[in-house]
Amino acid sequence: MSAYTFNKKIAAAVASALLVPLTLPALAQQPADDGFALEEIVVTARKVEENLMTVPMAITAFSSKDIEAAGMKTLNDVMRMTPSFNFVNQFGGSGRNDRSTNSLVFRGLYISGNAGLSAGGLLFIDGAPVIGAQPPSMVDIDRIEVLKGPQSAYFGRSAFAGAINFITRDPSQEFKGRISAEISSWDSHDASLSVEGGLGENASARLTLRSFDRGGQYTNAAFPATDKLGAQSTKSAALTVLWKPTDSLSIKSYINAFKDDDGPPAQLALKSESFTGRVDANGNCVPFSQAPSGTAALGQTANSRASFGYVCGTVPRIGSFQKTLISGDWDTSPAATSAALFNPPNPALGPVPADLAG
């Protein structure tokens, strides 16, 4: 065999190998003898239904099957499966445990505190903005679309960095229900009940109830009998009503009411007896026994609070401390909350609420 013929065959083989990936999608779209076919993913990122493969945008989409298979329950679960998207319950790393200021960060773009209308990224339910980024119950969700990059043309100026759109499922005309329950350690559970059915010839509705509890791992030293540090709880109810007067017109209403009850965070502050020394100008740890009292640490003023000590080297593990130290002795009782906010009275806050007055 000549070198020319051999090279021609190699070139033909390489060309065939390059053509195979190009033709596979087209072939896979056609049902095989066993009924297998690739699933077409439809998104509404540009306010119209489009095939995900033809939309010129960076989109990560999850269908209802994907959501159920991955066990998605919260935005934290969506974050773990979405590149270039980060989510935290408290913007700025404040260390608080409550979910009052959810922060959505797309492609690392952090804008003006990344909270509220100036966040640069927002959460939407069926295209309607949700200030605070509180997601609905996943039982009601048909699809999640994570849109990375500027979305102001479709979702307004508050979606400059990106947006997340939850598309709810249409309630069925057929009467049916669904019950889901999960139990885990630390007295945690996630249970939901959904019932749906027709309300006549052109209308249908679905009612969803959810109870979510994430138990805390540490006892609150201030209230050891009742409070757990890091605990979170959510009780929610959602109603979806669909009305289709004609084949070309449908009106859907979604109402979601929820209550979050989050406990104090599990935090640890090392006391001065845990400090081992000071850091000198060379970045080395100088034990207390080798430096006069009040010697300034690197970058600190002599005799200042910060000059009195650090943990040099490896920080002790949490397991080496008493569990009662992993607390700020948080007192979140109504009486303590009232005293902190209204004693002395604060005119800017108005009168004392009835549930705190006692």
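Key figures
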{"read-out": "Filter pass, Ile131 being outside the structural domain of Gln217 (by TED's automatic domain parsing) and buried (at least 16 other Cβ atoms within 10 Å of the Cβ)", "value": "no"}
{"read-out": "Matching residues in region 205-239 - criterion: being of a type in the set (A, V, I, L, M), at pLDDT 85 or above and in a loop (DSSP other than H, G, I, E, B)", "value": "Ala231"}
{"read-out": "Residue count for region 139-151, restricted to those that are buried (at least 23 other Cβ atoms within 10 Å of the Cβ), at pLDDT 90 or above and of a type outside the set (A, V, I, L, M, F, W, C)", "value": "1"}
{"read-out": "Candidate set: region 161-186, residues that are surrounded by 12 or more Cβ atoms within 10 Å (Cβ to Cβ) and among the hydrophobic types (A, V, I, L, M, F, W, C); chosen: the one farthest from the chain's Cα centre (by Cα)", "value": "Trp186"}
{"read-out": "Region 167-190, residues that are in contact with a Lys or Arg (Cβ under 7 Å, 6 or more places away or on another chain) and aliphatic (A, V, I, L, M)", "value": "Ile167"}
{"read-out": "Candidates Pro129, Pro136, filtered to the one that is modelled with pLDDT of 75 or more, part of a loop (DSSP other than H, G, I, E, B) and in contact with a strand residue (DSSP E or B) (Cβ under 9 Å, 6 or more places away or on another chain)", "value": "Pro136"}
{"read-out": "Restricting region 157-204 to residues that are modelled with pLDDT under 90 and not small (Gly, Ala, Ser), the residue that is nearest to Thr82 (Cα to Cα)", "value": "Phe160"}
{"read-out": "Some residue of region 152-160 being farther than 24 Å from Ser103 by Cβ and either crowded, with 17+ Cβ neighbours inside 10 Å or of a type in the set (Phe, Trp, Tyr) (or both)", "value": "no"}
{"read-out": "Residue list for region 150-191, restricted to those being free of Cβ contacts under 8 Å to residues at least 40 places away in the same chain, under 30 Å from Arg107 (Cα atoms) and hydroxyl-bearing (Ser, Thr, Tyr)", "value": "Ser152"}
{"read-out": "Index of the failed condition, Leu193 passing every other in (1) of a type outside the set (Ser, Thr, Tyr); (2) in the same structural domain as Val105 (by TED's automatic domain parsing); (3) more than 19 Å from the chain's Cα centre (by Cα)", "value": "(2)"}
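The values are calculated or read from the model by the stated rules, or taken from the named source; none is laboratory data. Computed from a predicted model, the values in this text were never measured in an experiment. So basically every Cβ, Gly included, is an ideal-geometry build from the backbone, and we count neighbours across all protein chains shown.
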